[in-house]
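Participant: Can you read through this structure? Questions will come right after.
Read the figures in this text as sums done on the coordinates, not as results from a lab. Quantities reported herein were computed from a predicted structural model and do not represent experimental measurements. Don't worry about glycine lacking a Cβ; one is built from the backbone with ideal geometry, like all the others, and counts go over all protein chains shown.
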Amino acid sequence: MKHTGEDPPRRQGYGLPAHRAGGLATRGSDALMLPQQMGWSEGGGGGELDLLGYWRMLLKRRWSILAVLAGALALGVLVILLTTPEYRATTTLQIEREAAKIIDVQGVEASESASGDREFYETQYQLLKSRSLAERVVRSLNLGQDAAFQSMNQPSGPLARLRRDRGPEVPQDPVAQERAAVGQLLSRLEVEPVRNSRLVRVSFTSPDKALSARVANAVADSFIESTLARRFDASAYARNFLENRLAQVRQRLEASERQLVAYAQSQGIVNIPSGEGAGEGRSVDASSLSSLNDALSAAKAERIRAEAQWRQAQVAGGMTLPAVLQSSSINVTREARARLAAEYQQKLSTFKPEYPDMVQLQAQIAELDRQIGTEVSNIRSSIRNNYEAARRQEAALAAQVAGLKSGVLNLQGRSIQYTILQREVDTNRSLYDGLLQRYKEIGVAGGVGANNISIVDRAEAPRGPTKPNKLLILAIAGVLGLFAGVLLAFILENIDETVRSPEDVEQKVGLSLLGSIPTLARGQSAAEAMNDRRSPFAEAYYSAGTALSFATDEGLPRSLLVTSSRPGEGKSTTAQTLAVNFSQLGRRVLLIDADLRNPSLHKAFNLDNTAGTSNVLAGAMRMSEAAAAVGGSLWVVPCGPLPPNPAQLLARARLREVLEHAQEEYDLVIVDGPPVMGLADAALLGGVTDGVLLVIEAGGTRVGAARAAVRRLQIGRGRLLGALLTKFDARRAGYGYEYGSEYGYDYGAEAPKKLFARKRLGASAS
């Protein structure tokens, strides 16, 4: 590939890594910063509502939403087609408030109140919907034997029509027919008061127009008749009967209460009132037992937890205890020891162990080891003391609970008769309260006066059906379908644990994004895409190279490790492409294949793999002898023979020496490393290079795997410069059709494909 000499344009706004502003590209023991720690919310930055992120998510799941919406609308249409049309007829009544006569003296009447007026009208509305009125209407119209009315009980639809063709299934028992007709009438009867008036609408709905009007008018007529008939129901005999019954129940209640109190005093039963009734509650011993039992459960749980910690402290090593790992003093002491050990190892190459400075360092390290051991012993003793205290507390509470149990059991035996007496008191009190309330509500029957109920408008046969409401059904189906589709989209998005977008790299993984590499067209290779410099693939790698130039304070790192969390994410392609791009800029670039388990660079550059990185690390040859020039200022070192233990070979000190010598001879050393997960190779390589680039496959790498890879690299003291998102499809990620247009001049058009075809034809001809 040929370059014009100009720096490639920076695309997508990811040219400057986030570590320049305090990101993750730090060396050594810097901890992985989660999105919440970096000030990001789950849905966006700064805890604000990320509407753009939601919109992209909906665009990505648009086909699922549309499918659910279409299904809901189809279900709504099916409901409309299967629903039988029904007609509603309405009768309007006027109900006047009639004052009750207290004394039969002209001019003396009970005063009406707003609450009494509401109660009166609410009573009338409930009477209109009463079963007794429905039975009167059924008998007056003989609806139990009416075929049109009985047909409403049968379901509609093709199966129902087939059954009716075979013969109607009408019960033969007249009582059962009448009972079914009453239930059907009540289920289809509607009583609707007119607001701020004394009018009420009585409506009946059925598939028959004439039947609806006939039943609605019959309900109004029967209601007027039943209201007039109720005036003759009250009598003096009912009042005298209630008075006699009240006297009897009162005497029975007083006697049962005296008997209950006497028995409680004789047996020494004291209950704590619960606030629910006069005689209800729990005994003092039962309350104490309940409290102590709760305390015993808590003490037992605490003892189990303390015992588990003590058993773990007995079995596990001192440094593996959670309390030891969480101790700040031990961590500080261990860090100081690590620094002294590193200093000792550094000076060991210059001085002998008997040198005074070396002896002093050994004494300091021994003192720190003694301090760590003392602190671990103290923590182990603290865990044992906690366990002993929890065990003693559990034993004390268990003894108290056992003592209270016998008292409670004894009290339960003596409370049987008390409960029987208490139940009798409650029964008598309920009877007395019910009779007293009934006595207060009953009134003296009077003569029949003027009718206070009149019919304003009689029901007529309706012109059109009221059910089904097609627009309402479709609207509800559409709203529910849209809601269900959006809910499904959110569920699919939340259960998706893969890294799919640039925002996921920064917010979920916590790394700076150095670039997003679009996915290749079907059947297109990476080399073919890089040959077309206007392709989105090539432009994305140019942008990633520009971002790497600003990755550190010194600019481009002298040595760079390219790795990924798992195989197949594009790390080798990234290493090759970056090496070729930087070599075209005039830099002397050395590309090393350090994947000693599954090498691939020798296949990409058609090199002999009989000697390479493994021979150099083993000391059998020098790097200059293993490097092969592949054109321009680019040299490639293949893997060489596969070693039996790659991690042991990479752990030698020669790896650092080889890289240091290579950095002296070349401007940039790019190491194509193995995947991170499950292997120690990448962590070892990351600790000796100036920077690490983590390659993440869009839609293929899980967030947990990427975070684990970052932690393993940081544990190995690797300097993470950022991440590169590969195989990124902007359309599937919900960014629309214009998201990737900045990569090239004609993104998504056919012109680059034709231009690339012409270049291939020209190359083959030459």
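Participant: If you take the beta carbon distance between Ala336 and Ala680 as r and set R0 to 25 Å, what does 1/(1 + (r/R0)^6) give as a FRET efficiency, to the nearest 0.05?
Facilitator: 0.45
Participant: Further question on the same structure: Tell me which residues come under 5 Å, amide H to amide H, from Ala680 once H is placed; ignore anything under 5 positions away on its chain.
Facilitator: none
Participant: Starting from 0.36 nm per residue, how many nanometres of slack lie between Arg97 and Ala647 once their C-alpha separation is accounted for?
Facilitator: This chain segment gains 188.2 nm when fully extended.
Participant: Here is a further query. In nm, to one decimal, how far is the modelled label at Tyr355 from the one at Phe483, with both set 7 Å along Cα→Cβ?
Facilitator: It is 7.8 nm.
Participant: Please give the contour-minus-distance gain from Arg392 to Arg711: 0.36 nm per residue of separation, less the Cα-Cα distance, rounded to one decimal in nm.
Facilitator: Separation in residues times 0.36 nm, less the Cα-Cα distance, equals 110.5 nm.
Participant: Follow-up question, since we're still on this one. Quick one: of Lys129/Lys470; Lys129/Lys467; Lys209/Lys470; Lys347/Lys571, which pairs are farther than 27 Å apart, Cα to Cα?
Facilitator: Lys129/Lys470; Lys347/Lys571
Participant: So, R0 is 22 Å and r is the distance between the beta-carbons of Ile476 and Ser197; what FRET efficiency does that work out to, to 0.05?
Facilitator: Taking R0 as 22 Å, the efficiency between Ile476 and Ser197 is 0.10.
Participant: At a Förster radius of 56 Å, what calculated FRET efficiency corresponds to the Cβ-Cβ distance of Glu554 and Ala301, to the nearest 0.05?
Facilitator: Approximately 0.50, to the nearest 0.05.
Participant: Among rounded, prolate and oblate, which fits the stretch 572-658 when a ≥ b ≥ c are the square roots of the eigenvalues of its C-alpha gyration tensor, a/c under 1.5 means rounded, and a/b larger than b/c means prolate?
Facilitator: Prolate, because a/c is 1.5 or more and a/b exceeds b/c.
Participant: Here is a follow-up. Please sort by residue number the trypsin sites (Lys or Arg not before Pro) in the stretch 523-592 whose DSSP state is loop and whose Cβ has at most 10 other Cβ atoms within 10 Å.
Facilitator: Passing sites in the stretch 523-592 do not exist.
Participant: Taking θ = phi - 60°, what integer Hz values does the Karplus form 6.51 cos²θ - 1.76 cosθ + 1.60 yield along the stretch 211-217, in sequence order, with x for Gly and Pro?
Facilitator: Taking θ as phi minus 60°, the curve returns 5, 4, 5, 5, 5, 4, 5 Hz for the stretch 211-217.
Participant: Measure off 7 Å from each Cα along the Cα-to-Cβ vector at Ser525 and Glu497, then give the distance between these two points in nanometres to one decimal.
Facilitator: Inter-label distance under the simple model: 3.6 nm.
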